[in-house]
1. Heavy atoms only, probe 1.4 Å: what % of the accessible area of the chain goes to carbon and sulfur, would you let me know?
2. Which parts of segment 182-206 would a label at LEU142 reach, counting a residue when its backbone N lies under 11 Å from a point 7 Å out along Cα-to-Cβ?
3. Taking the Cα centre of segment 80-191 as the origin, how large is its charge dipole in debye, to the nearest 20, when only Lys and Arg (+1) and Asp and Glu (-1) carry charge on their Cβ atoms?
4. Tell me the Kirkwood radius of segment 1-157: reciprocal of the mean inverse pair distance over distinct alpha-carbon atoms, in Å.
5. Considering only DSSP beta bridges whose two residues both sit in segment 151-260, what percent are antiparallel, to the nearest 5?
6. What is the set of long-range amide H partners of MET88 at a cut-off below 5 Å, with H atoms built 1.01 Å from backbone N?
7. If I model a spin label as a point 7 Å beyond the Cα along the Cα-Cβ vector, how far apart are those points for TRP163 and ARG223 in nm?
8. I need the shape label for the chain. Rule: rounded when a/c is under 1.5, else prolate if a/b > b/c, else oblate, with a, b, c from the alpha carbon gyration tensor.
Amino acid sequence: MGIAWGVASDTGVLSEVLLCRPTHYRFLPTNAVARAALARGAAADLGAATAQHRELEAALAESGAAIREVVPEPHLAYQVYVRDAVQMTHRGAVLTQLARPERRGEYAAMLRALEALGVPIWQMSSAGTLEGGDIHLIRPGLAMIGVSGGRTDEAGATQFARWLRHEGWEVRLVPLPEHFLHLDLLFSMAAEGVAVACTEVLDEGVIAWLGRIGVRVIPTTYREAMALAGNVLALGAGRVLSSRGAARVNAALRAEGLVVLDPDLSVFTAGGGGPRCLTAPLRREG
């Protein structure tokens, strides 16, 4: 009997996750965070990136998640941010449509990885652009999609929303300024009913809606958001993966009763991606 691949929410117990090692990682000026790092003369230290990625792998293994891998390719420097190229759903994987020319080739390695693992492909994005960092499965049957026009545009978000709505899901599209790259700079689920959200930036209507649907918000500031402090990965069973640099947010998560795993991911957050960006869940229980 084969593995029942699928993800129905961002908060179920993570049992299978896809990663890509930073073999060819370097900073690219593809987002505001990375451009700021390059402007101050920063460069990605490949040795540090490799060591930090091993910390990430160790934290995921500690949580009980089995790690699968995409083969890194020399010309795809940001392939390590594996979240953007695929979105797993309750029906199987959706191959997304990346916006930046430097990243469009990631679909081929992702397709090969999914086929090798036997992961069913449910849909392929073909209208506009769609990236995994903008897709949030708040709970089974309820999703939120960020629309900046830069990375995920209205056509791409609407196509994905239509697929989910056909399955009976409620989907809310959330406009955001292109400056923020993806919605998961400003919002991510930490556990069932608990989210980290940049209340300084997100529309008040979105914050109010989250309250109405029973999601408590741990607020972050603009400065924290730009440092990827709000980019967390729910592991399920009362655990969450964050980054060591997000000290205040981590303390707030622990105050919620969550166990926080916080590897040092500073090389990756400087490039514009945190724990959520570096992981693509393939299977969650619940």
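1. Values: 5760 of 10910 Å².
Heavy-atom surface of the chain belonging to carbon and sulfur, 1.4 Å probe: 53 percent.
2. 193-194
3. Numbers: 11 positive and 12 negative charges, 38 e Å.
In total the dipole reaches around 180 debye.
4. On the way: mean 1/r = 0.0602 Å⁻¹.
This gives a value of 16.6 Å.
5. Working: 7 of 14 bridges.
Around 50 percent of the beta bridges assigned by DSSP in segment 151-260 are antiparallel ones.
6. Excluding prolines and chain starts, which carry no amide H, the hits are VAL94.
7. Result: 4.0 nm between the two label points.
8. Details: a/c = 1.16, a/b = 1.04, b/c = 1.12.
It is rounded, given that a/c, with a ≥ b ≥ c, falls under 1.5.
The values are calculated or read from the model by the stated rules, or taken from the named source; none is laboratory data. What you are looking at is a predicted structure, and each value in this text was computed from that prediction instead of being measured. Heads up, the Cβs are rebuilt from the backbone with ideal geometry, glycines too, and the neighbour counts pull from every protein chain shown. Heavy atoms of the whole protein, side chains included, go into the accessibility calculation; ligands, DNA and RNA do not. Shrake-Rupley method; radii C 1.70, N 1.55, O 1.52, S 1.80 Å.
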